[in-house]
Amino acid sequence: MEFSLWTGLPEFWAEYLTGMLKPVAALAVVALAIVLSIVQRLGLEGEMAYSIFRAFLQLSVIGFVLDFIFKQKNAAWILLAYLFMVSVAGITAGQRAKQVPRGKFIASTAILAGTATTMFLLVALNVFPFTPRYIIPVAGMMVGNAMTVTGVTMKKLREDLKLQKGLVETALALGATPRQATQVQVKRSLSIALSPVLDNAKTVGLIALPGAMTGLIMGGASPLEAIQLQIVVMNMLLGASTISSIVSTYLCWPVFFTDSYQLNEPVFSL
């Protein structure tokens, strides 16, 4: 007779708790990191314990939420989950660029524009079916990357404009539009923000196997199937990140400049 640790529990909970044994066992690695922090007097052990506890809690909750959504046939649940991710990402990116007025709104709008456009093209080209099992994970990857790129773009653009106010004001005085006067700064901020995405695309598979590809291989898919999906993932991440970052620069101009094409001094006085 086979012994079970979860005798008497419903089958769903028994399977879930059995599956959690490996993640719990993997805490040994975290314990090692905490011990090293203590030995080296880094003072990070509390933050490490809190971070991993929060990760356990967040992932467990989202696991149950996704399990529920995947069983629904109403597209409204997909849109609700997607808009929630965009909202959280917009708030996070806005906090990174906290000195940009209406930064959270700008970031949310830019992320929504970039990821929605990319998602629409993928669905229209029949790359992914419009089902929760495909759309939500794909949207999560795009939103996460767009969040990082958008936050960096907004922050760097403001910093460069503040450092080069004289050059920008001279260009404006000579009749340049805000777009013309900030062309160099916009290009620099976009270049810095998109560099990690581009470098990752150049080295994917050579230095490390990406998460989507690794997950498929560990799940039993063939390496050829895994690389096909990973190529799609890299394409959509680059597309969504580029669109979102560019849109964010356009949305920043109304707060960086006045209606009379002058720098909005209060924005750059902090």
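The values are calculated or read from the model by the stated rules, or taken from the named source; none is laboratory data. The structure presented is a predicted model; accordingly, all values stated were derived computationally and were not measured. Cβ atoms come from the backbone with ideal geometry, glycine included; neighbour counts cover every protein chain shown.
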> Only one residue in ALA139, ALA116 is small (Gly, Ala, Ser), in the same structural domain as THR249 (by TED's automatic domain parsing), in a helix (DSSP H, G or I) and without any contact (Cβ under 8 Å) to a residue 12 or more places away in the chain, so which one is that?
Replying inline: ALA116
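Results for (1) surrounded by 12 or more Cβ atoms within 10 Å (Cβ to Cβ); (2) in contact with a Lys or Arg (Cβ under 7 Å, 6 or more places away or on another chain); (3) of a type in the set (S, T, N, Q), shown as yes or no for each residue.
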| site | (1), (2), (3) |
| --- | --- |
| ALA28 | no, no, no |
| ALA31 | yes, no, no |
| ALA81 | yes, no, no |
| GLY94 | yes, yes, no |
| PRO101 | yes, no, no |
| ILE111 | yes, no, no |
> Residues GLY90, GLY19: which one is exposed (fewer than 12 other Cβ atoms within 10 Å of the Cβ) and of a type outside the set (A, V, I, L, M)?
Replying inline: GLY19
>> Residues to consider are LEU157, LEU194, LEU167; find the one that is over 26 Å from the mean Cα position of the chain (by Cα) and farther than 14 Å from TYR261 by Cβ.
In response: LEU167
> Applying the selection to the stretch 199-214, what residues are at pLDDT 80 or above and over 13 Å from VAL233 (Cα atoms)?
Replying inline: ASP199, LYS202, THR203
>> I'm trying to understand the selection: among the residues of the stretch 34-57, which are touching a Ser or Thr at 6+ places or on another chain (Cβ under 7 Å) and in a helix (DSSP H, G or I)?
In response: GLU45, MET48
>> Can you report the number of residues in the stretch 116-135 which are β-branched (Val, Ile, Thr), surrounded by fewer than 20 Cβ atoms within 10 Å (Cβ to Cβ) and within 19 Å of the chain's Cα centre (by Cα)?
In response: 1
